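Where a number appears in this text, it was derived from the coordinates with a stated rule and is not lab data. Because the structure is predicted, anything quoted here is derived from the model rather than measured. As a convention, Cβ positions derive from the backbone with ideal geometry for all residues, glycine included, and neighbour counts pool all protein chains shown.
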Amino acid sequence: MHLYPPLQWRGGGEVPRSSDAGASSGPYSSFMFEVSESKFKSVQWKTTAHLGTMEVSKVVVDTVQGAINVGLLKPEDEIVSVFYTRLERGYPTPTLLRDAALEQADQFLLEDDIYSRGRFGMWKYEVANQDHSFSQGVEAVERILQSAEELTVYHPEIVNTREKKRRRTFNHQEED
Ligand SMILES: Cc1cc2nc3c(=O)[nH]c(=O)nc-3n(C[C@H](O)[C@H](O)[C@H](O)COP(=O)(O)OP(=O)(O)OC[C@H]3O[C@@H](n4cnc5c(N)ncnc54)[C@H](O)[C@@H]3O)c2cc1C
């Protein structure tokens, strides 16, 4: 994880100093970029490059350049700070054989009372947001205590319905 100190840098490579009359006092915007990597798409994060006067991971420089290329940033825009972090695993990526494999793994673990839940615990991307992951934990406890049904893990089609009903499985109650 890298939190680079405030930069005074312009996309075009120019390095304005605070004494630069062109340096803006704001307002500023924030951008969040996610860069994926696979064996089919390499990303240069191990090498470093210069962003203004700062030495940063090359992927940061490439990302800023990409933002300029597509018009999200202008070369003369001023970048005042950059936060960069690398996650080895970001997404529980679905595959065609996923459901059968998950069912087998889930059954195997449940035989030993292991409730593997959460974003990577259950590996179900369609119910792996923060709210889903939290519900998975709550519902696993409700199942253990009350034999309630786990809706989030086993019925994404219900919990992801556009109809925003608040559901509780505990005591088999259902609320609007
Ligand atoms: C880039 C990105 C953007 C996201 N954006 C959103 C968003 O906008 N909205 C949203 O709702 N959700 C978002 N999410 C998803 C959200 O972060 C997850 O749904 C949530 O954090 C999952 O919670 P969790 O408890 O299941 O798992 P995690 O938060 O991953 O917690 C698992 C914990 O277990 C620890 N751990 C792993 N292995 C072991 C081990 N062997 N022993 C001990 N500890 C271990 C890990 O270190 C971690 O602390 C995003 C996720 C990513 C990666």
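In this structure, Lys41 does satisfy being farther than 30 Å from Ser147 by Cα, of a type in the set (Lys, Arg) and within 20 Å of the chain's Cα centre (by Cα). The set of residues in the range 91-123 that are under 22 Å from Ser36 (Cα atoms) and either among the basic types (Lys, Arg) or surrounded by 12 or more Cβ atoms within 10 Å (Cβ to Cβ) (or both) comprises Tyr91, Pro92, Pro94, Arg98, Gly118, Arg119, Phe120, Gly121, Met122, Trp123. Evaluating Ile144 against the criteria (1) within 16 Å of the ligand (Cβ to nearest atom); (2) more than 24 Å from the chain's Cα centre (by Cα) leaves one unmet condition, (1).
Picking from residues in the range 81-137 that are in a helix (DSSP H, G or I) and basic (Lys, Arg), the one that is farthest from the ligand (Cβ to nearest atom) is Arg98.
Just wondering, is there one or more residues in the range 57-64 that are small (Gly, Ala, Ser) and surrounded by 11 or more Cβ atoms within 10 Å (Cβ to Cβ)? Explain how you work it out, then say what you get.
Within the range 57-64, the first condition is being small (Gly, Ala, Ser), and the residues that meet it are 57.
Filter once more, keeping what is surrounded by 11 or more Cβ atoms within 10 Å (Cβ to Cβ): 57.
Among the residues of the range 57-64, at least one is small (Gly, Ala, Ser) and surrounded by 11 or more Cβ atoms within 10 Å (Cβ to Cβ), which makes the answer yes.
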